[in-house]
Amino acid sequence: MSFIQEVNNARSEGFKKSVKEKFVVRQKELQEEQVEFHSIINEIINKIDEIKSDILNAAEKGAHSYIILDNFNWVKSPYFRGSVDFDGTALNTPELLSGDPALLGFNSEWHKTYRQFVRETITDKLFLNLWEQLESLGLEPFVKNNGFKNQFGVKF
């Protein structure tokens with residue numbers, strides 16, 4: 001084997017080692033992120049009665065929606081299937097969340113279909129459980145982007 005082949009082999013081995021180390025670090029970060037995410041979702045599930053009370057208070061003040069998580073960072077894999085664009089749709093505007101969709105050229109079926117699409121992209125079982133619990137209360141969960149951060153809330 002020539003010296004240049006040895007150099008190339010050494011470079012190749014160094015590259016493989018670097019890729020493997022980065023993969024291990026990323027896997028650890030994802031596990032830590034999932035623990036944090038599940039901790040937050042469990043906390044929400046555990047205080048669902050408090051959230052219901054907050055929603056009632058918001059409704060008394062004339063609100064049509066309530067934000068449960070104001071900085072929802074987990075909108076990509078492994079929590080959602082594929083790439084979901086929450087700010088690219090007109091279905092999550094404040095007007096649609098608080099007003100009559102028909103006035104803006106949308107109907108409630110379209111809004112319902114979009115919510116169903118988002119629901120079907122959820123891959124995390126614990127988050128899906130929370131989504132379904134909120135739906136069972138007659139609420140309409142949504143994830144939207146306000147231009148700077150994602151929000152998770154319910155329409156009522």
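The values are calculated or read from the model by the stated rules, or taken from the named source; none is laboratory data. Given the structure is predicted, the values throughout are model-derived calculations rather than measurements. Virtual Cβ from ideal backbone geometry, glycine too; neighbours counted across all protein chains shown. Each accessible area value is taken on the protein alone, full model and side chains, heavy atoms only, with ligands, DNA and RNA left out. Shrake-Rupley method; radii C 1.70, N 1.55, O 1.52, S 1.80 Å.
I need the full set of residues from region 22-39 which are exposed (fewer than 14 other Cβ atoms within 10 Å of the Cβ) and either closer than 23 Å to K144 by Cα or not charged (D, E, K, R) (or both), in order please.
F23, V24, V25, Q27, L30, Q31, V35, E36, S39
Across region 145-156, which residue is farthest from the chain's Cα centre (by Cα) among those that are open to solvent by less than 20 Å² (accessible area, probe 1.4 Å) and either within 11 Å of I55 (Cβ to Cβ) or among the charged types (D, E, K, R) (or both)?
Looking at the filtered set, the residue picked out is V154.
Just to be sure I understand, how many residues within region 120-142 are of a type in the set (F, W, Y) and at pLDDT below 90?
1
Report yes if I55 is on the phi < 0 side of the Ramachandran plot, in contact with a strand residue (DSSP E or B) (Cβ under 7 Å, 6 or more places away or on another chain) and of a type in the set (V, I, T), otherwise no.
Against the criterion (on the phi < 0 side of the Ramachandran plot, in contact with a strand residue (DSSP E or B) (Cβ under 7 Å, 6 or more places away or on another chain) and of a type in the set (V, I, T)), I55 qualifies.
Within region 40-67, restricting attention to residues that are of a type in the set (K, R) and farther than 13 Å from L139 by Cβ, which residue is surrounded by the fewest Cβ atoms within 10 Å (Cβ to Cβ)?
K61
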